[in-house]
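Participant: Handing you this structure, nothing more for now.
None of the figures in this text is laboratory data; all of them are computed from the coordinates on show. Being a predicted model, the structure only gives us computed values, none of them experimental. Every residue, glycine among them, receives a Cβ derived from its backbone with ideal geometry; neighbour counts consider all protein chains shown.
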Amino acid sequence: MVPKLAMDQSGRGSPLVLIHGIATDRRIWELVARDLSRSHRVVAIDVPGFGGSAPVDDDFDLRRVADRVARGLAAQGVGAPFDLVGHSLGGGIAAVLADARPRLVRRLVLVAPAGLRPFPPAISALLAAGADAVLAARRGAVNLTDTWWGRRLLFSMTAADAADLPPTLARQMIEASATAQRTAPALATITSTDLRPLLARTRMPLGVIWGDADRTVPIRALDDLIAARPDAVVERLAGTGHVPMIECPERFVEALTRLIQDVTTCDAVARTLD
């Protein structure tokens, strides 16, 4: 039996699956889900090991996680092919899922994806070792999200200007890390992963959304992605950081809608790869 994948669903139409980034959960899509659900069946999931989805194992193997996501979607009636959107760590999961099961994915959209410029092993291990302590410290200061300067302090690496983040969502993002069971291994995995060869061999249409003020996964990594997939259609969001779905939800929806409409489907090609 496939362990249940926690998810929220809304709207009707072709499925649009949303995969969040590290140390958060499916609620990060709340500001954009309503508009997207006007034309799609929006499915926002909790990544295994985060939110309400049980971990796959003690580590965080991208292929096993992607397989759990695929089987969890099927178990809850999310039919294929679907459009697949992954943010940050979720971009890595989405890319691996698209590579492993191309028949499932109509279009792939990566939002500020991690895994394009792997860190040296020592740096990756150091970041992972300190991740849970950093998140615990932020949870201890969660009341600072009620002030503009507190949000700017707590999310200095996350948003272009965190003072503009909605206080309720800023608090929600911090509190979501309390249910994250695989932050450290997920961070170790994604910071040491090189997705470029995988992306180079995928055949489904690829779209990219990236904020040009992203300090978490700087947009200069876009050059590596384009080198692997020169056909990728890119939407750059000016003055936006790492969480465009929260920083500028209307522009994010517009960008994602354009990508879904503009990139050409290649279902026949995808079918030959499975």
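Participant: Classify the range 42-160 as rounded, prolate or oblate, taking a ≥ b ≥ c as the square roots of the eigenvalues of its Cα gyration tensor: rounded when a/c is under 1.5, otherwise prolate if a/b is larger than b/c and oblate if not.
Facilitator: prolate
Participant: Still on this structure: With each pseudo-label sitting 7 Å past Cα toward Cβ, what's the residue 71-residue 119 distance in nm, one decimal?
Facilitator: So the label points at residue 71 and residue 119 sit 3.1 nm apart.
Participant: Between rounded, prolate and oblate, where does the chain land on the alpha carbon gyration tensor, with a ≥ b ≥ c its root eigenvalues, rounded for a/c under 1.5, else prolate if a/b exceeds b/c?
Facilitator: In terms of gyration-tensor shape, rounded.
Participant: I'd like the distance separating the alpha-carbon centroids of the range 74-99 and the range 50-67, in whole Å.
Facilitator: 13
Participant: Test of understanding: what is the full-extension gain from residue 254 to residue 157, defined as 0.36 nm times their sequence separation minus their Cα-Cα distance?
Facilitator: Length gained, residue 254 through residue 157: 32.5 nm.
Participant: Under a point spin-label approximation (7 Å from Cα along Cα-to-Cβ), what is the residue 61-residue 178 distance to one decimal in nm?
Facilitator: It works out to 3.3 nm between the two label points.
Participant: For a quick check of your reading of the filter: which chymotrypsin sites (Phe, Trp or Tyr not before Pro) in the range 142-250 sit in a DSSP loop and have no more than 13 other Cβ atoms within 10 Å?
Facilitator: none
Participant: Moving to a separate point now. Tell me the angle of helix 249-262 to the major Cα principal axis of the chain, expressed in degrees between 0 and 90 and rounded to the nearest ten.
Facilitator: 20
Participant: Between residue 38 and residue 223, what's the calculated FRET efficiency when r is the beta-carbon distance and R0 is 30 Å? Round to 0.05.
Facilitator: Efficiency at R0 = 30 Å is approximately 0.30.
Participant: Report the extension gain between residue 212 and residue 133 in nm, rounded to one decimal, defined as 0.36 nm multiplied by the number of residues separating them, less their alpha carbon distance.
Facilitator: 25.6 nm
Participant: In nm, what is the difference between 0.36 nm times the number of residues separating residue 234 and residue 4 and their Cα-Cα distance?
Facilitator: Extra length available between residue 234 and residue 4 comes to 79.4 nm.
Participant: Compute the helix-to-body angle for 121-140: its Cα long axis versus the longest principal axis of the chain, expressed 0 to 90° and rounded to tens.
Facilitator: Once rounded, one gets 60 degrees.
Participant: What is the set of long-range amide H partners of residue 209 at a cut-off below 5 Å, with H atoms built 1.01 Å from backbone N?
Facilitator: Under 5 Å from the amide H of residue 209 lie the amide H atoms of 110, 111, 112, 235, each far enough along the sequence or on another chain.
Participant: Quick check: from the Cα gyration tensor, does the range 106-151 come out rounded (a/c under 1.5), prolate or oblate?
Facilitator: oblate
Participant: Still on this model: Only bridges whose two residues both fall in the chain count here: according to DSSP, what percent of them are antiparallel, nearest 5?
Facilitator: Roughly 15 percent of the beta bridges in the chain run antiparallel, per DSSP.
Participant: While we're here: Hey, what number do you get for the chain at 222 nm if only DSSP H runs of n ≥ 4 count, each worth -39500 (n - 2.57), divided across all residues, to the nearest 500?
Facilitator: -12500 deg cm²/dmol
Participant: Can I ask one more? Compute the angle between helix 167-176 and the longest alpha-carbon principal axis of the chain, please, reported from 0 to 90 degrees and rounded to the nearest 10.
Facilitator: For 167-176 against the chain, the angle is about 80 degrees.
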